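The values are calculated or read from the model by the stated rules, or taken from the named source; none is laboratory data. Remember, predicted model here, so these are calculated numbers, not experimental data. When we count neighbours, we look across all protein chains shown, and the Cβ atoms used for this are built from the backbone with ideal geometry, even at glycine.
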Amino acid sequence: MIEFQNVSKTYPNGTHALYDVSLNIDKGEFVFIVGASGAGKSTFLKLIMHEETATSGEIIINGNKLSKLRRRDVPYLRRHMGIVFQDFRLIEKMTVFDNVAFAMRAVGENTATIKKRVPYVLDLVGLKDKMKNKPNELSGGEQQRVSLARALVNNPEIIIADEPTGNVDPELSHEIIELLNEINSMGTTVLVVTHEHELVREFNQRVVTIDHGKIIGDTKSGRFSAGVSDDYDDDDYTAGYNEYDDEDDFTDDEIIKSYSDLGYDDIDDDLGDSPQYPGNVVIVPDDDDRLD
Ligand SMILES: Nc1ncnc2c1ncn2[C@@H]1O[C@H](COP(=O)(O)OP(=O)(O)OP(=O)(O)O)[C@@H](O)[C@H]1O
Ligand SMILES: [Mg+2]
């Protein structure tokens, strides 16, 4: 389902983030990705979601070579993915409900389905009573869970979660991984970056270890490769809180940015009239399907 063939990534400033990475992830797998801060974990995920492109090598997802992907195909690629961003990327002006509903509206779901599904998914992540709050009224861990709910809501084929446990207490971390594990057992492929080594051991799944841009370990059943240190500096993992924009400064560009993060960036210029596109795309939510 996901194949990396000798993939390297060098950022424009010359930073070599990944070197000659090759691996396969099959449909239905659960993979933990571990490694120190700066190792290349987020870069690895960003290449899969085509937020960054490889400098060399090939990435193949569901049989499609990403090097050959046209700009207008990106929304279709991302539609199969539920993404939990390390920095959450919630829309500050929208309520928790709308932040999650937004992902459903983007794929043309009807109001009745949205009204049923969003509270269900928010309940799964323990946030049903915060539905009407705005992100800046939530703790970091709560925002992280909104981001998780948004990733789950459309039942994607692949869930890509960049440190979904980075801002929550140990008990909640456990619940989040448990939830991802349950979703995986129903057939969804799950990739999770985490620094919670206890959980990695406990959940007994494949562990890919990245170090200085290289895969230095790929083991089954929750085992770490020899020489992988558990010794992380916690300061590396507390980043990720959004900087809040003043509501008055809020622009449509921010909504469009979020829209594009979810994979719908080319709707206006390329797909607007396409008969293949399911339903109407509503960038700003209609009042009638907000919760009152
Ligand atoms: N947009 C960028 N431009 C230049 N360098 C970048 C960019 N993004 C990441 N890097 C660099 O690439 C390397 C890998 O970064 P990456 O974000 O993939 O690490 P990470 O393993 O996710 O780290 P963390 O655990 O801190 O999130 C680091 O040296 C980082 O500074
Ligand atoms: Mg990262």
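Selection of region 42-55 for residues being within 13 Å of ligand 2 (Cβ to nearest atom) and of a type in the set (Val, Ile, Thr) yields only Thr43.
Against the test of being more than 24 Å from Lys9 (Cβ to Cβ) and modelled with pLDDT of 90 or more, the options Glu196, Glu175, Glu163, Glu171 yield a single qualifying residue, Glu196. Among residues belonging to region 99-132 that are buried (at least 21 other Cβ atoms within 10 Å of the Cβ) and touching a Pro at 6+ places or on another chain (Cβ under 8 Å), point out the one that is farthest from Thr165 (Cα to Cα). Checked region 99-132; the qualifying residue farthest from Thr165 (Cα to Cα) is Arg105.
For region 11-23, the criterion of a residue being closer than 27 Å to Glu182 by Cα, assigned to a loop (DSSP other than H, G, I, E, B) and of a type outside the set (Ser, Thr, Tyr) is satisfied by no position. Scanning region 192-207 for residues that are surrounded by 22 or more Cβ atoms within 10 Å (Cβ to Cβ) and within 12 Å of ligand 1 (Cβ to nearest atom) yields Val193, Thr194. Restricting region 72-86 to residues that are in contact with a helix residue (DSSP H, G or I) (Cβ under 7 Å, 6 or more places away or on another chain) and more than 28 Å from Thr165 (Cβ to Cβ), which is nearest to ligand 2 (Cβ to nearest atom)? So, considering only residues that are in contact with a helix residue (DSSP H, G or I) (Cβ under 7 Å, 6 or more places away or on another chain) and more than 28 Å from Thr165 (Cβ to Cβ), the one nearest to ligand 2 (Cβ to nearest atom) is Pro75. Does Asn204 satisfy being in contact (Cβ under 8 Å) with a residue 60 or more places away in the chain and polar (S, T, N, Q)? No. Among the residues of region 168-189, are any within 16 Å of ligand 2 (Cβ to nearest atom), small (Gly, Ala, Ser) and surrounded by 18 or more Cβ atoms within 10 Å (Cβ to Cβ)? Looking through region 168-189, none of the residues is within 16 Å of ligand 2 (Cβ to nearest atom), small (Gly, Ala, Ser) and surrounded by 18 or more Cβ atoms within 10 Å (Cβ to Cβ).
Selection over region 208-227 of residues that are assigned to a loop (DSSP other than H, G, I, E, B) and away from ligand 1 (no atom under 14 Å from the Cβ) gives a count of 8.
Among the numbered criteria (1) modelled with pLDDT of 95 or more; (2) more than 18 Å from Asp211 (Cβ to Cβ); (3) touching a helix residue (DSSP H, G or I) at 6+ places or on another chain (Cβ under 7 Å), which one does Val34 miss? Looking at each condition in turn, Val34 falls short on (2).
In region 25-44, how many are aromatic (Phe, Trp, Tyr) and either in a helix (DSSP H, G or I) or within 15 Å of ligand 1 (Cβ to nearest atom) (or both)?
2
Given the criteria of a type in the set (A, V, I, L, M) and within 16 Å of ligand 2 (Cβ to nearest atom), does Ala39 qualify? So Ala39 fits the description; yes. Among the conditions (1) within 16 Å of ligand 1 (Cβ to nearest atom); (2) more than 18 Å from the chain's Cα centre (by Cα); (3) of a type in the set (A, V, I, L, M, F, W, C), the only one that Ile114 does not satisfy is (1).
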